[in-house]
Amino acid sequence: MSDDLVATHVLEFPGGYTRTTGPVIGRFLTELRDRRLVGVRTAGGRVLVPPLEYDPDTGESATDEYVEVGPAGTVQAWAWVGSPRPGHPLDRPFAWALIRLDGADTALVHAVDAGSPKALRPGLRVRPRWRAATAGHITDIECFLPEVTSLIAPVRAEYRVTPGRALTRFLEGVRDGRFVGGRCAECAAVYVPYRESCPACGSVVEEEVEVADTGTVTTFAINNLPDPRAPEVPFVSAYVLLDGADTPMIALIGGVPAHEVRQGMRVRAVWVPPEERTLSMTNVKWFEPTGEPDADLDADLDEPPGGGA
Ligand SMILES: [Zn+2]
């Protein structure tokens, strides 16, 4: 019975529109023929779709401002039609749905070809499937279809690939016992690990540069909880500014008692033997002191990227 009620409502669309085609509905149907969906703005600023001559809330005349909406929209409610009858828009099970087109404040009734009632939910995104030939009729839209959400997958893949390439270059370098950075062509900053865009100026970083495996401790923390990678407890994790780099990288400090580690301490990477290396940062056991005099961090850090003042 409920199918009959909903079907009757929609079967009145063509007749109703034909009877009342004035400028407002006429505009809606003319736009439909051109495969555009429009609503009309009320004096209160709401957008009615399909457009009406009067604001149903206030009885005031609508404005003559037409607004293009959709074509996609959101399902608000639906009734599943398990056994379509002659005159229905589809010859397979479908849903009559209240669809609020993007930009509209009211919902339109139309068919949704969802395949199964399980595919329907409030908020489902749908788009119209237009007939090959349009005639200025609500049935110019054959039905609405759920949006293809699997499109998200390649977009996600795109994001995985981009950092992946830069990080892979960095890890290939680490496997070979060297640190690979990238130099920004615009501002000359050198980033280690290598990255493909400059966070300072937004430029693409294309130039690959090798930096030293020696550097300076800029900040550090003494850790009292065991870590499987650390030499002993307590151990020190630090930011090490590699010589030639403008950004520090985080690393373990070994080969020195924790309480002797200090800012400005000069350190060198301790690499695991070549035959044990993989594409990972575990190739660097830690950094240990070089024995050089401490660096003057204030002087070094005040220097602009790329040197020179
Ligand atoms: Zn830059």
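Listing for the model above:
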| item | result |
| --- | --- |
| Contacts under 9 angstrom Cβ, first residue in the stretch 217-241 being over 19 Å from residue 266 (Cα atoms), partner outside any loop (DSSP other than H, G, I, E, B) and open to solvent by 60 Å² or more (accessible area, probe 1.4 Å), 6 or more apart | 229/282; 229/285; 234/222; 234/259 |
| Test for residue 12: is it over 38 Å from the mean Cα position of the chain (by Cα) and either at pLDDT below 85 or open to solvent by 30 Å² or more (accessible area, probe 1.4 Å) (or both) | yes |
| Any chance residue 260 is more than 15 Å from the ligand (Cβ to nearest atom) and open to solvent by 30 Å² or more (accessible area, probe 1.4 Å) | yes |
| Residue count for the stretch 122-136, restricted to those that are among the hydrophobic types (A, V, I, L, M, F, W, C) and either open to solvent by 70 Å² or more (accessible area, probe 1.4 Å) or assigned to a helix (DSSP H, G or I) (or both) | 3 |
| Given (1) within 34 Å of the chain's Cα centre (by Cα); (2) away from the ligand (no atom under 16 Å from the Cβ); (3) closer than 26 Å to residue 295 by Cα, index of the condition residue 172 fails | (3) |
| Complete set of residues in the stretch 184-209 that are over 27 Å from the mean Cα position of the chain (by Cα) and surrounded by 14 or more Cβ atoms within 10 Å (Cβ to Cβ) | 187, 188, 189, 190, 208, 209 |
| Close pairs (8 angstrom Cβ cut-off, 6 or more residues apart or separate chains): more than 11 Å from the ligand (Cβ to nearest atom) and modelled with pLDDT of 85 or more in the stretch 194-216, aromatic (Phe, Trp, Tyr) and open to solvent by less than 20 Å² (accessible area, probe 1.4 Å) anywhere | 210/179; 211/179; 212/179; 213/179; 215/287 |
| Count of the stretch 210-220 residues which are charged (D, E, K, R) and open to solvent by less than 60 Å² (accessible area, probe 1.4 Å) | 1 |
| Pairs with Cβ under 6 Å, 6+ apart, first in the stretch 172-192 and of a type in the set (Lys, Arg), second more than 10 Å from the ligand (Cβ to nearest atom) and open to solvent by 10 Å² or more (accessible area, probe 1.4 Å) | 175/277; 175/279; 178/210; 183/207; 183/209 |
| Members of the stretch 221-255 found to be hydrophobic (A, V, I, L, M, F, W, C), open to solvent by 20 Å² or more (accessible area, probe 1.4 Å) and at pLDDT 90 or above, listed by number | 241, 252 |
| Enumeration of residues in the stretch 164-183 that are modelled with pLDDT under 85 and open to solvent by less than 80 Å² (accessible area, probe 1.4 Å) | 164, 166, 168, 169 |
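Conditions (1) charged (D, E, K, R); (2) within 23 Å of residue 177 (Cβ to Cβ); (3) touching a Leu at 6+ places or on another chain (Cβ under 8 Å), marked per residue:
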residue	(1), (2), (3)
220	no, no, no
245	no, yes, no
249	no, yes, yes
258	no, no, no
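The values are calculated or read from the model by the stated rules, or taken from the named source; none is laboratory data. These figures come from a predicted structure and were not determined experimentally. We place every Cβ from the backbone using ideal geometry, glycine too, and count neighbours over all the protein chains shown. Side chains are part of the model used for accessible areas, which takes the heavy atoms of the whole protein and leaves out ligands, DNA and RNA. Shrake-Rupley method; radii C 1.70, N 1.55, O 1.52, S 1.80 Å.
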